[in-house]
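Heads up, the thing below is written out as structure tokens.
The values are calculated or read from the model by the stated rules, or taken from the named source; none is laboratory data. Fair warning: this is a prediction, and the values are worked out from it, not measured in the lab. Using ideal geometry, Cβ is built from the backbone for each residue, glycine included, and neighbour counts are taken over all protein chains shown. Ligands, DNA and RNA are stripped out before the accessible areas are found, and what is left, the full protein with its side chains, is counted by its heavy atoms. Shrake-Rupley method; radii C 1.70, N 1.55, O 1.52, S 1.80 Å.
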Amino acid sequence: MGGGVPLSNLYADIFSNEITARSAREGLSSYVAEDDDDRRRDMNYDYPAPMSPQREMYLARKRDLLQNGRFNEMFAEEDAANADRQDRIRRLMEEDDRAWKAERRRRLLGKYADVGSWEEVERLLEEDRKREAKETEMKVDLAQRAGVTLTMLEPAESTASSSSSSIRTDAPNDDGNDVVGKGRANNNNDDNNFKKSTFNPSIGVTGRASWFGSDDGIDLEVEFHSLPLKAATADAGTANGDDTENGTTDDDAGSDSTNKEDGPRFVNGKLTSREQLMGISVGSAGGWSLEVFPGDFVVHRKFGIGKYEKLVLKPKSKLTPEERSAAEERRKEIINGLMRDGKQLEEIQRVVETFGTDRDDDPISNPLSTFLEINYSDAAVHVPIDRAYRLSRYRAGDTAIKPKLSRVKGEAWSKAKLKVEVSTIQMAEDVLALYATRETLSRPPFDPSLEGKVREFSKSFAFEPTPDQKKCFEDVENDMVWRSRPMDRLICGDVGFGKTEVALRALFRAVVNGRQAALLAPTGVLAAQHYKNIVKRMGEGTEHGFRIALLRGGMGKNTKKGRELRSAISAGEVDIVVGTHALLSNGMAFHDLGLLTIDEEQRFGVNQKERLKLICNCVDVLTLSATPIPRTLQMSLSGIRDTSTIRSPPPMRKPTVSYVQEFEESLVRDAIERELARDGQCYYVVPRISQLEEAQILLKKIFPKLRVIQAHGRMVRGIAEENVAAFAEGNYDVLLATTVIENGVDIPRVNTMIIQNAQAFGMSTLYQLRGRVGRSDLQAYAYFFHKNDFITEQSAQRLQAMADLHELGSGFDVANRDLEIRGAGSLLGTEQSGMAARVGFDLYMRMLKKSMRQLRGLDLPIVPRSNVLLPGGEGSIEWDDDNHGMNPDRAGGSSYLIPEPYIKDDKERSREESLARLAESTQRLVEITNTWKETYGAMPAELQNNLKALHLHTCLRQLGIDVVGIDRLTGDCILRSPGLRPRHWAMICSQLPKGVPPKGLDVIFPARFTFSDDDTEITGGRKLNLKELLANPKYNDDDEEWDALDEEEVEAMKEISSAVNIKSFSEIEVNNYPRFVVKQLGKTVKIGARVDALLKVLLPPSKVVYQKQQRDKEKAKVAAELREKRDLIAKQKKEHEKSSRRMGYQY
């Protein structure tokens, strides 16, 4: 209370004269007189007289007045001081706010903060364009000098639209261009009446806005737009008395002055130039590549997850000896020049201090380099562009959640990476165990002598196969004919790219070999389409006369047709059966199933795939998909599942122009009107059957005379197919349907697809629906109409993918984007989450591959089929169609055939021929021949001679040799081995006697495989320097060579699979591949003895490879058994804990 009067004394002061005077001033004088009389009267008594209630109230009122008055006096001075202090604080805060806004304005507008007219804006824009163009040119040039290709990508308009706005007024776009994705643009001018896609969904707009969300950046935009025109233009307009000539106001004219693609724009409230928004595509001849845009999350192997910011020029931190010498000479020249000009010592010293700093702009004295600036939570890292291979885009499941940026300092990233590495090692063990299990499976391979019939059947294909199709044909043939383990191959190709033809040839091969085949489709429409195509190509009305059957819904085992058809299938009276999920029913039994083809495998669920595992035991499986599910894609990328990709489009095919926009009736009207104007038809797709009636009412409202027919999955059996057929005949204008038309509908006249509520579809479905159009040489259009109120993060990403991935052959990219959005999950499990989110999917897959390589040790790729091109056909086992395998000019053309008198039973002889032809090692081939001797007696001389060719092919497959031939100039025998690496040969030689490679067998590695400038030749018969051969033996994470070699091995497998088509050694550049060389074989060894000479040098290393691989298989089997036991123990423990809890509840 400060120095105030104590409250206990207030009652005594009530009767003081001072209080009496104050009370009188307050209008209480009448009460004071009465108070004096009472006091005097009370003094005549010995005891106080009782007070009335009125008196007590009166005294209380006077006490309150006194107390308030004294309080006011006590705090009046302090209140005045507080008011003065608050006023000073308010003035200071206003000054700080004005200063902060001015600083923020200057920071956001940059050099444009002080402009006063559009004339100054144009001048600054032109300066920026020239400066940034010069810097860009310098960045690209410096990158090329570093051995890296750098391409600048156009800003992603659709991606940045939600957070950026141009400083110009957007004019309507009538150029009909395709949706612009990152760095892509499809300049198609067929559409002049439909505006460009405007995909800018508002996600979560119903929530309460945060306090920091109220930014005044928009005020800066308004201020920038309201700048006056340059004076000359404004005065001229006023003098003419027409300020709005041609309908153009000042604001419009100002906007038009910067209405250019290279103008700056506001991004998150900051004025940003076009160059600052441009992305980069960087790569090298080694095979690595990276494509990022500002703001993209990336992963650096050493520093972790960061955000790419921009491309910058900085002085080099490390100079080569040549650059260092040139810099010193240049600096001496600069100093001598200053001295000649008579400069003072202090001025020269200031120039010397700038050497090697950012102020040194001499390109020789201070060599610059291009860097990628990556922001982390605690620092910014500049990565040299020639080291950009250490970066990869961050991709993981649930990309709606932005990853947490890593810290450069500390060990958090190293610890997270170590955990993932442990996980990848465990995963690699499981994968290798799966490999070992697959290798134990076997089935009789198909007969190569019947491949001539397959080639004859292929002539009925009405089109010329694309290069990728031919590659798929070879892959499937190698799997079915030249391997003993069952085929499990995925054919990934865009819709309409020819996957079905690959399946048809595989089905034909199976039936020609006397096996039954089945084709499984997810929908009745697709199954009916396949059935018609198969009957047309190889049915009973053709020269082949195969028996084809269709098993579909409504033909259950309790129906008469269902029972009859199932009985015919089990009795072998049907060669090829086409069906839907009915093929997976428990009562289904096949006669001798040799091939199961699954179309659109992503449409089948977990239960169906578990049933497929039972059916497909020791059966060849061929899977077709345009957009495989993330788990299947990850298995393909990791090498667990064999994959062939069709990316090359058919001739004359055009990309489908895609529009992603919010739903409007006017847009639907324009789309349908344009298609009908060119005498075409349209698809109109909705996500649910319940929405069909509403859509039909809408169409009838817009077009009263429009002919519309519906198709959906709940129609009476056969009605949907009949409606689609009627639509295909041209009887209707629009097919209104659900996703039942997602597969199997191929109508070239239909070139417009309208999808309503596109946000409700999955990415694979959207892509498949878009693939229903564009089946002719006409331009096709796809409209993805969505509702912003129902947009989620993932649906927005799916629609954005449809806008970005619009090129032909984008199916694999769509699957990759789906993997990025949904996550990869576990390779061998069922959950859709994994360790990839910790480090990003790309780095995770790289670590997994490296772990698998470390566990496998000798990972030399085995060739399924070698092509021996020795003169006279010596050593070849290829079948000759013209002479039924008995071509006298090709002595080895039938080397795998067993003479009929030796084994008389046809089936038994064919089985033994297959065993010998595909023997995995020479030891296994010796075991087979010993069995022949014991069972059938001594082998004839012809068969003994042919077995040498089989031994040769076994050695060639083990060593990864795909082509063998003689160099006509030198006479050397060249054996190409695309997958051979120095580490492989060093490991093989270390296991040979005395560590010396066979004499007469040389190995040559191109320079890119040995980290040297020239090719490396290792001469046979000499002891190796393993340390020199294995430079960088571990291929550390930070080494580019590991990535380059990984890409080289992928390319090597492509070369291996296509080697069978090589007819002459002159067709290939042998010097570009690792190769074995047996010198002078063609000149010094006679025909007929060359196979023996090759076997002499190839047998020792092939034996080492086989033994090492057998040990790896045994380890994998042990790992598999341990994994099964571990899983069993965990399961038993879980059941025991559950049982214990249940027993505890009873008491």
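Within 12 Å, Cβ to Cβ, of Leu1128, how many net charges do the neighbouring residues add up to if Lys/Arg are +1 and Asp/Glu are -1?
Neighbour charge sum, excluding Leu1128 itself: +2.
Between Lys419 and Val1118, how many nm apart are label points set 7 Å from Cα along the C-beta direction?
A separation of 3.0 nm, rounded to one decimal place.
Starting from the Cα of Lys343, draw a straight line to each of the lysines and keep only those under 18 Å, dropping any in the same chain fewer than 8 residues away.
Lys332
Measure off 7 Å from each Cα along the Cα-to-Cβ vector at Ala76 and Met652, then give the distance between these two points in nanometres to one decimal.
10.3
Assuming 0.36 nm per residue, please report the length gained on full extension of the stretch Lys409 to Leu1128 beyond their Cα-Cα distance. Write out the running numbers ahead of the final one.
Values: separation 719, 0.36 × 719 = 258.84 nm, distance 4.28 nm.
Full extension of this stretch gives 254.6 nm more.
Can you give the FRET efficiency for Glu122 and Lys1083, using 1/(1 + (r/R0)^6), R0 = 45 Å, r = Cβ-Cβ distance, to the nearest 0.05?
Working: r = 77 Å, r/R0 = 1.71.
The pair Glu122/Lys1083 has a calculated efficiency of 0.05.
May I ask you to compute the full-extension gain from Ser1066 to Thr354, defined as 0.36 nm times their residue separation minus their alpha-carbon distance, rounded to one decimal in nm?
Working: separation 712, 0.36 × 712 = 256.32 nm, distance 5.88 nm.
The Ser1066-Thr354 span can extend by a further 250.4 nm.
Cα centroid distance between segment 546-598 and segment 61-139, in Å?
81
What distance in nm lies between label points placed 7 Å from Cα along the C-beta direction at Gln54 and Leu338?
It is 10.5 nm.
Round to the nearest 0.05 the FRET efficiency obtained for Arg968 and Thr1019 when R0 = 30 Å and r is the Cβ-Cβ distance.
That gives a FRET efficiency of 0.85.
Which lysines, if any, have their Cα less than 26 Å from the Cα of Lys1079, not counting same-chain residues under 8 positions apart?
Leaving aside lysines fewer than 8 places away in the same chain, those within reach of Lys1079 are Lys948, Lys994, Lys999, Lys1023, Lys1063, Lys1096, Lys1103.
Mind ordering 712-724, 358-370 by average Cβ neighbours within 10 Å, highest first? Spell out each step's value before the answer.
Numbers: 712-724: 15.2, 358-370: 16.8.
The most tightly packed comes first, giving 358-370, 712-724.
Enumerate the calculated ³J(HN,Hα) couplings along segment 51-67 in order (Karplus 6.51 cos²θ - 1.76 cosθ + 1.60, θ = phi - 60°), each rounded to whole Hz, writing x wherever the residue is Gly or Pro.
Listing the rounded values in order: 8, 7, x, 4, 5, 4, 5, 5, 5, 5, 5, 5, 5, 5, 4, 5, 5 Hz.
With every protein chain kept in place and ligands, DNA and RNA left out, what is the accessible area per residue of segment 304-457? Probe 1.4 Å, answer in Å².
Numbers: 8820 Å² over 154 residues.
Dividing the accessible area of segment 304-457 by its residue count gives 57 Å².
Which pairs break 32 Å Cα to Cα here: Lys1108/Lys1134; Lys318/Lys409; Lys471/Lys849; Lys111/Lys787; Lys499/Lys1108? Provide the component values of the computation, followed by the final result.
Details: Lys1108/Lys1134 39 Å; Lys318/Lys409 22 Å; Lys471/Lys849 24 Å; Lys111/Lys787 40 Å; Lys499/Lys1108 38 Å.
From Lys1108/Lys1134; Lys318/Lys409; Lys471/Lys849; Lys111/Lys787; Lys499/Lys1108, over 32 Å: Lys1108/Lys1134; Lys111/Lys787; Lys499/Lys1108.
Taking amide H positions as placed 1.01 Å from N in the peptide plane, with prolines and chain starts having none, which residues 5 or more places from Leu550, or on another chain, fall under 5 Å of its amide H?
Val578
Quick one: Cα centre-to-centre distance for segment 692-732 and segment 470-530, in angstrom?
First find each Cα centre; the distance between them is then 33 Å.
What order do you get for 453-466, 425-438, 1126-1139 when each peptide is scored by the mean count of other beta carbon atoms within 10 Å, highest first?
Ranking the peptides 453-466, 425-438, 1126-1139 by packing returns 425-438, 453-466, 1126-1139.
Where nothing but the Cβ of Lys and Arg (+1) and of Asp and Glu (-1) is charged, how large is the charge dipole of segment 464-595 around its Cα centre, in debye to the nearest 20?
520
Lys111 label point, 7 Å along Cα→Cβ, cut-off 20 Å on backbone N: hits in segment 118-144?
Under 20 Å, as judged by backbone N against the label point of Lys111, lie 118-140 of segment 118-144.
Using only the heavy atoms of the protein chains and a 1.4 Å probe, how would Phe784, Phe355 rank by accessible area, largest first?
Details: Phe784 0, Phe355 40 Å².
Final ranking, largest accessible area leading: Phe355, Phe784.
So for each of 727-734, 111-118 I average, over its residues, the number of other beta carbons within 10 Å; can you give me the resulting order with the highest mean first?
Result, highest mean Cβ count within 10 Å first: 727-734, 111-118.
Find how much the distance from Thr136 to Ala1007 grows on full extension, using 0.36 nm per residue of separation minus their present alpha carbon separation; answer in nm with one decimal.
On the way: separation 871, 0.36 × 871 = 313.56 nm, distance 3.26 nm.
Taking 0.36 nm per residue and subtracting the Cα distance, the gain is 310.3 nm.
Can you bin segment 435-488 into rounded, prolate or oblate? Criterion: square roots of the alpha carbon gyration tensor eigenvalues sorted a ≥ b ≥ c, rounded for a/c under 1.5, prolate for a/b above b/c, oblate for the rest.
Working: a/c = 4.17, a/b = 1.83, b/c = 2.27.
Cα axes put segment 435-488 in the oblate bin.
Suppose R0 equals 45 Å; then what is the FRET efficiency for Arg145 and Gln854 from their Cβ-Cβ distance, rounded to the nearest 0.05?
On the way: r = 35 Å, r/R0 = 0.79.
Computed FRET efficiency for Arg145 and Gln854 comes out at 0.80.
Please list, or write none, the lysines whose alpha carbon is within less than 16 Å of the alpha carbon of Lys459, excluding same-chain residues fewer than 8 places away.
Cα-Cα hits under 16 Å: Lys470, Lys536.
Glu927: net charge of surrounding residues, Cβ under 13 Å, Lys/Arg +1, Asp/Glu -1, itself excluded? Numbers along the way, then the final one.
Details: positive: Arg924, Lys933; negative: Glu912, Glu920, Glu934.
Counting the neighbours of Glu927, the net charge comes to -1.
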